[in-house]
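So the structure is just underneath, and the comments pick up after that.
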Amino acid sequence: MRQSAGYILISVLIVLLQTTLARYLAIESIAPDLLLIWIVSLALREGQSTATVAGFFLGLLFDLISGKDGMLGLAALCKTVAGFAAGYFYNENKIVQMLGGYQFVLVVAVASIVHNVLYFIIFLQGTEVGWLDAVVLYGFPTTVYTAALALLPMFVVSRRSSQLS
């Protein structure tokens, strides 16, 4: 119960950071997805079910707070699918190794690609912009930026685990 309360508190904090701080971290119009990093972390710690549910609620909360894009539920759908995909990498015997190693960054990148492709396929319906162009111009740069930012928690976990050994 105490761990769940901690996860909820961290989740709300990250949603607030994503809706306020992420725009200041943006390079041109490319901003990192802090929520996705957290969802992948949950997937690798707790498994697919937790990450899927967290992806839905965090995405919905983000949609409600940001009001971004005028498509309520799009972030919820994309983050749910990304959490589900990231959950495939869960291994209860290798939680610390996954979170503290390069695998964490790779899983963030995979989840981000899944998220961004789905997002642009839906968001660009009825527009002249092709989803492939959008994924190449915005999706992949966002994936790279998000994966690069995922190095920070990876180094923290790696350092903590090496100090405990």
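The values are calculated or read from the model by the stated rules, or taken from the named source; none is laboratory data. Nothing here was measured: the structure is a model prediction, and the numbers come from that model. Glycine gets a Cβ as well: all are built from the backbone with ideal geometry, and neighbour counts include every protein chain shown.
In the range 157-165 there is no residue that is surrounded by 17 or more Cβ atoms within 10 Å (Cβ to Cβ), among the hydrophobic types (A, V, I, L, M, F, W, C) and at pLDDT below 90. Restricting Y145, Y90, Y119 to those that are modelled with pLDDT under 95, buried (at least 17 other Cβ atoms within 10 Å of the Cβ) and either outside any helix (DSSP H, G or I) or under 19 Å from the mean Cα position of the chain (by Cα) (or both) reduces the list to Y119.
Could you check how many residues of the range 12-40 are more than 15 Å from the chain's Cα centre (by Cα) and charged (D, E, K, R)? Working first, answer last.
We begin by selecting, within the range 12-40, every residue more than 15 Å from the chain's Cα centre (by Cα); these are 20-21, 23-29.
If we keep only those that are charged (D, E, K, R) as well, we get 23, 28.
Matching residues across the range 12-40 total 2.
Consider the range 124-142. How many of its residues are more than 22 Å from L106 (Cα to Cα) and surrounded by fewer than 17 Cβ atoms within 10 Å (Cβ to Cβ)? So the answer is 8. Using the structure shown, decide if A111 is surrounded by fewer than 20 Cβ atoms within 10 Å (Cβ to Cβ), among the hydrophobic types (A, V, I, L, M, F, W, C) and part of a helix (DSSP H, G or I). Judged against the criteria, A111 is not a match.
Going through A54, A82, A111 one at a time, which residue ends up being within 18 Å of S11 (Cβ to Cβ), of a type in the set (G, A, S) and in contact with a His (Cβ under 9 Å, 6 or more places away or on another chain)?
Details: A54 fails: in contact with a His (Cβ under 9 Å, 6 or more places away or on another chain); A111 fails: in contact with a His (Cβ under 9 Å, 6 or more places away or on another chain).
The match here is A82.
Which condition number in (1) closer than 19 Å to I27 by Cβ; (2) crowded, with 19+ Cβ neighbours inside 10 Å is the one that L152 fails? Exception for L152: condition (2).
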